[in-house]
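In what follows, a single structure is set out as C-alpha cells and then discussed.
The values are calculated or read from the model by the stated rules, or taken from the named source; none is laboratory data. Just so it is clear, the model here is predicted, and its values are computed rather than measured. With ideal geometry, Cβ positions are generated from the backbone for all residues, glycine too; neighbour counts draw on all protein chains shown.
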Amino acid sequence: MRKCVLSIIFVCVALAAAACGRGEEEYPPIIEMPWRQAPPPLPRETDRPTVPIPGFIAADREEVTVDFWYVSSGNTQSDALRETLVSFHDSQPYVRVNEVAYGSYALLAAQIMLSDFAGTLPHVAVASPPDVTRYRAERMLLPLSSFMYDPVVGMQTGEIEDILPALRPVGIYDGLWYSIPFTASVRLLFYNRDLITSHGFIRAPETWADMEQAARALTDESGRRGIGFGNDIDTEWLTLFIRLGGTFFNETDTRAAFASFEGIRSMQNLAVMANGPYARVIGDGENINTTFARGEIAMFFGWSADIPHVANAVGDAFDWRTAPVPASQDSRAAELTGYGLVMFENISHGVDERVGAWEFIRFTLGADVAALWAIANHSVPVTQAALESLAYSRFFNLNPPARGIFASADSGFFRTRHISDDGIRGILSDSVNSIINGGVSAEVGLTQAEEKINLMLEGR
C-alpha cells in the first residue's frame, strides 16, 4: 500500500459569481473569501497549448467498459444515472459504463480504500473534497489535466469557464485538476410562507436584521418560535465569520486561526440570537424538519438536499419555500457541500479505458446532464449552462420550494478539503454547541477548539 502523509491544510473556498435571476433585485456583491488567497486565474482556453495523451491513437481505439462507483440514496438518483447512461452510450460507440451503487458515501470511500489494497480500483468514482485529498496523498488518482488538454478528447473553449467559479478550485492541486464537480448542496433559509405573508411580510428576510425582525413577529404565546437552529449551527457562525472578514486558517503555518476578534464577535452575535426569546435551538434528539412541519418554528437553516425531506414532513399542512441565507455585513455567503468525479490510477487500466473514463466525466458537465443531476439531488447545477438550461428552468418554475437554490448560486463557498475534515468539524461543532447551549463564553470556547484542532493536526 502506498503511503504518503499529507500535512498541509488547504481550505477550499472560492468566489461564486455566476449570474442568476433575482427578479428586479441587483446581484449581490462578489464576496472576497479571506481564509485563502485566491489562486492565480486559470489561463483562457484559447491560450492553452493542447498536449496529446501518450499512447492514445484515436483511429485505433477499441471498445472498452468503464467501472463507475457512485452513491444512490433512492430512485431519483438511480433514474438520473439510468438516463445519463442512455444518453452517454447513444453519444459515442466506444465506451460502456458499468455502474455500481453504494448506500452511503462512507461505505463507498471505505470500499475504495480496500480496493486499492486489492488492485481492483474502479475507473471513476464520486468523492468528497477530503476524500480527493486523501486519495491524492496515497497516489491513487490520475490528474485530469492531461485529458482536458488533449486535442481530440480535450475540453472545448469556454467549457472550464462555464463551471461555476465557487466549484472550480475544489479539485485543483498544485495547478492540476484531480476532480471535476458533480453535485453541490447549498445552505438555505427554509420558511413558512403562510406565516410570513399573514404577518405582513411580502417576501422572505433578505438581511440578518430582517430575519431577526421577522423572527420576533412570528413568535407567539403558543410556544412557536420565529427561527430555529439545528445542531449544525456552526455553519451559521462560519457564514457570519466570513462576512466579517475573519480567517479560518493561517495558510502560512497551516494552523487554525478562528479564535480571533472576528470569530469571537460573530459567535457572540449568533449566541444572542440563538438564545433570544424568538429562537429555538433544536437538540440532538429532535428533527428540525419535523419541528418545522409541526409549526413549532417558522424559519430554519438547512441544506438544499433537505428539501425532499422537508416536503415529506410538511405535506399539505402549509405553503413553504426556501430563500438564500440572509445577507449580513453588506454581503452574501452560503456554505456548499458536494462531491466530484475522480479517475483512479490502476496498472490494469489501459489508455483507451482511461480516455473512456475521461469522456464519461466530461459528459456529466453537459448542460442537460448537469441539470438532471442537480434536479435529482436538489443541488446547485455545477455549470452556468445547466443553471440556465430549459430543464432546470422548468424544475425551478414547477417547484417553488427549490427556488432558493437558484438564487444562491452566486454566493457559495466550501469550508475545507483537508483529510481531517471530519475531526475539524466535530471539534468545532462541539465548541459552538457548548457556547450556544452550555454557557461557555465565545472567547473560551473558540480558543479551546482552535487549540484542539491544531494539536490534532500536529498528531498529538
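Being farther than 16 Å from ILE427 by Cα and in contact with an Asp or Glu (Cβ under 7 Å, 6 or more places away or on another chain) is the filter; apply it to region 226-255 and report the residue that is modelled with the highest pLDDT. So the residue we want is PHE229. Across region 251-264, not a single residue is classified as closer than 22 Å to THR219 by Cα, aromatic (Phe, Trp, Tyr), buried (at least 18 other Cβ atoms within 10 Å of the Cβ) and touching a residue at least 12 places away in the same chain (Cβ under 8 Å).
For the subset of region 64-80 comprising residues that are buried (at least 17 other Cβ atoms within 10 Å of the Cβ) and more than 26 Å from GLY119 (Cβ to Cβ), which member is nearest to the chain's Cα centre (by Cα)? It comes out as GLN77. In this structure, ARG417 does not qualify as assigned to a helix (DSSP H, G or I), under 30 Å from ASN454 (Cα atoms) and basic (Lys, Arg). Across region 185-204, the number of residues qualifying as buried (at least 16 other Cβ atoms within 10 Å of the Cβ) and either of a type in the set (Ser, Thr, Tyr) or within 29 Å of TRP373 (Cα to Cα) (or both) comes to 10.
Collect the residues in region 356-407 that are touching a strand residue (DSSP E or B) at 6+ places or on another chain (Cβ under 8 Å), small (Gly, Ala, Ser) and part of a helix (DSSP H, G or I), keeping them in residue-number order. GLY356, ALA357, ALA367, ALA370, ALA374, ALA402, GLY404, ALA407, listed by residue number.
A quick yes/no check of all residues on (1) touching a His at 6+ places or on another chain (Cβ under 7 Å); (2) within 30 Å of GLY423 (Cα to Cα); (3) without any contact (Cβ under 8 Å) to a residue 24 or more places away in the chain:
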site	(1), (2), (3)
ILE196	no, no, no
HIS199	no, no, yes
GLU206	no, no, no
GLU221	no, no, yes
ASN231	no, yes, no
GLU236	no, yes, no
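The selection criterion, being surrounded by 17 or more Cβ atoms within 10 Å (Cβ to Cβ), on the phi < 0 side of the Ramachandran plot and part of a helix (DSSP H, G or I), does not hold for THR247. For region 83-109, the tally of residues that are surrounded by 12 or more Cβ atoms within 10 Å (Cβ to Cβ), without any contact (Cβ under 8 Å) to a residue 24 or more places away in the chain and over 20 Å from GLY338 (Cβ atoms) stands at 2.
Just one of the listed residues (ASN437, ASN399) is in contact with a helix residue (DSSP H, G or I) (Cβ under 9 Å, 6 or more places away or on another chain), surrounded by fewer than 18 Cβ atoms within 10 Å (Cβ to Cβ) and not assigned by TED's automatic domain parsing to the domain that holds MET273, namely ASN399. Quick check on region 309-321. Is at least one of its residues among the polar types (S, T, N, Q) and touching a residue at least 40 places away in the same chain (Cβ under 8 Å)? The answer is no; no qualifying residue exists. When you scan region 432-445, do you find a residue that is modelled with pLDDT under 95, part of a helix (DSSP H, G or I), closer than 26 Å to SER104 by Cα and not charged (D, E, K, R), even just one? Scanning region 432-445, I find no residue that is modelled with pLDDT under 95, part of a helix (DSSP H, G or I), closer than 26 Å to SER104 by Cα and not charged (D, E, K, R), so the answer is no. Scanning region 141-173 for residues that are in contact with a Gly (Cβ under 9 Å, 6 or more places away or on another chain) and surrounded by 22 or more Cβ atoms within 10 Å (Cβ to Cβ) yields LEU144, PHE147, MET148, LEU164, ALA166, LEU167, VAL170, GLY171. Applying the criterion of being at pLDDT 90 or above and among the acidic types (Asp, Glu) to the residues of region 126-158, the residue that is farthest from SER91 (Cα to Cα) is GLU138.
In the set LEU142, LEU176, LEU164, only one residue is touching an Asp or Glu at 6+ places or on another chain (Cβ under 7 Å) and within 25 Å of GLU359 (Cβ to Cβ); that residue is LEU142. Taking strands (runs of 3 or more DSSP E) as the structural unit, those lying wholly within region 254-355 and holding at least 1 residues that are assigned by TED's automatic domain parsing to the domain that holds LEU114 correspond to 334-343. The single condition among (1) farther than 26 Å from LEU387 by Cα; (2) in a strand (DSSP E or B) that GLY200 does not meet is (2). Counting the residues of region 347-378 that are surrounded by fewer than 24 Cβ atoms within 10 Å (Cβ to Cβ) and among the small types (Gly, Ala, Ser) gives 5. The single condition among (1) touching a Phe, Trp or Tyr at 6+ places or on another chain (Cβ under 7 Å); (2) surrounded by 24 or more Cβ atoms within 10 Å (Cβ to Cβ); (3) closer than 28 Å to VAL369 by Cβ that PHE292 does not satisfy is (3).
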